[in-house]
Every structure is written in C-alpha cells, then in structure tokens.
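To start, the structure itself, in structure tokens.
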Amino acid sequence: MLAPPRPLETSSGEQWGAAGLPESLNLPASLCAGLRLTPEQFAELCGANTDSVLELAADGSLICTTPTGSDTGARNADLVFQIQAWARATGSWKAFDSSTGFRLPDDSVLSPDASLVALDRWEGLSAEQRRTFAPLCPDLVVELASPSDEGPRGLSALRQKMAAYQRNGARLGWLLIPAERAVEIWEPLAESPAQPRRLEAASRLGGDPHFPGLAVDLEEIWTG
C-alpha cells in the first residue's frame, strides 16, 4: 500500500526512511522520536502540512496519497451531491466529502471519498471531537478507484481500506470502479463473508436495507 522507503528531511535536518513519504514533508521536531505516530501526532503532522494529503494506518505508519485527477474529482463531486441530497431529505444523516478524516476504533485515520454518519452519532460527539478527526467509523463509506491499480487510489490499496472500514464497524461500503462500470459491495462482517459482492454493468445503486431510499445514479458518475 505504501511506496518504497525514501529519505525524509525533517524540520530539524535529520534523515528519516519513512515509507512513502515525500522529501518535502515537514515533520515537526516533536514527532521525530520515531516513525510510528499516534492519532494525536498525526493531527499535529497534518497541521504542519496543510497542502499534503495524508492518512494514518492502524500501525501508526503514514499513507501518502495524491490529489485526484480531474475525471475522478468530477465523479466524486457528483457522488457527494447525490448522497448529501438524500441525507438532507431524510434529516437523519450527516454527509461528508473526501477531505474528511475519521479516527477509526483501531486508531487509523482514513478519509473515504464520500461517507454518511447517523445524525444521532454525530450529535453525540463533543465540539472538540467534531473539529478534529471524528472518533468513529462512518455508517456508509464510498471509495472511487482510479483507472490504474498503482498507488493508494488503485484497487488493491482501496480494497485494503474497504476491509478496514468493514472491520471497524461500517454498516455498508461501496467501492466504485468506473473503468469497469462495476461496484464492490462490502457488507458488515456479522452479516456476510469478508469478501465483497460485485455488481457488473451497474447503472443504479441502492442502500436498502441499511439506508432505506438511498439510490445513487451511477451513469453520471461513470461518465465523469
């Protein structure tokens, strides 16, 4: 999931062989005690690198991603629009876009391309918890795969993320694969095997029974 190790120039001038980290990443001196970060240290790192796109694995290692390509960005905008419209219509869900990080129960910090959290769960968080990485796994998580299997947006890496959401209690996960016009459906571990179901040539995606009435028109998303 991570790129081969490469040296990292820290803010104190030391070299670190952190896996997959760009040499330009600013690592605050307070974090130089090791290469494995706590969620709190990760939040500090993100604050020092506001232009970087980062996630945190459960073992404390960093996952460096990249900004999406224009096609993927357009697809993601349409996806979030449809999910948010449904959430507002029901009045009982909170929708989030791809810039939102969640601190999962296993202490990883991941950012789905789109997600839903039940409103009562969201309102149960303190103001401080809402300002940082909300300490919960979203109820619905959606990821968009890139055309290539390389890097953190490729299918192999995203399947690892989907499995992490599943282990951490997501009610439902959708992995959208535009290049194949296919969807992998990741259901709760308590209700299905760990392996996802696959829909071929999908044009519409429904959230029943976990999200009654939620329907996503995939044709717009496939078009980009």
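The figures follow:
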quantity	calculated
Members of the range 160-185 that are surrounded by fewer than 18 Cβ atoms within 10 Å (Cβ to Cβ) and either small (Gly, Ala, Ser) or under 12 Å from the mean Cα position of the chain (by Cα) (or both)	GLN160, ALA163, GLY169, ALA179, ALA182
Single condition ARG131 does not satisfy, out of (1) modelled with pLDDT under 95; (2) under 20 Å from SER92 (Cβ atoms); (3) not aromatic (Phe, Trp, Tyr)	(2)
Residue list for the range 28-77, filter: crowded, with 17+ Cβ neighbours inside 10 Å, in contact with a helix residue (DSSP H, G or I) (Cβ under 7 Å, 6 or more places away or on another chain), modelled with pLDDT under 75 and not β-branched (Val, Ile, Thr)	LEU31
Any hit, the range 214-221, residues being touching a helix residue (DSSP H, G or I) at 6+ places or on another chain (Cβ under 9 Å), at pLDDT below 95, on the phi < 0 side of the Ramachandran plot and not in a strand (DSSP E or B)	yes
The listed residue being over 30 Å from ILE221 (Cα atoms) and either among the hydrophobic types (A, V, I, L, M, F, W, C) or in contact with a strand residue (DSSP E or B) (Cβ under 9 Å, 6 or more places away or on another chain) (or both), out of GLU123, GLU55	GLU123
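The values are calculated or read from the model by the stated rules, or taken from the named source; none is laboratory data. All of these numbers come straight from a predicted model, not from anything done at the bench. So basically every Cβ, Gly included, is an ideal-geometry build from the backbone, and we count neighbours across all protein chains shown.
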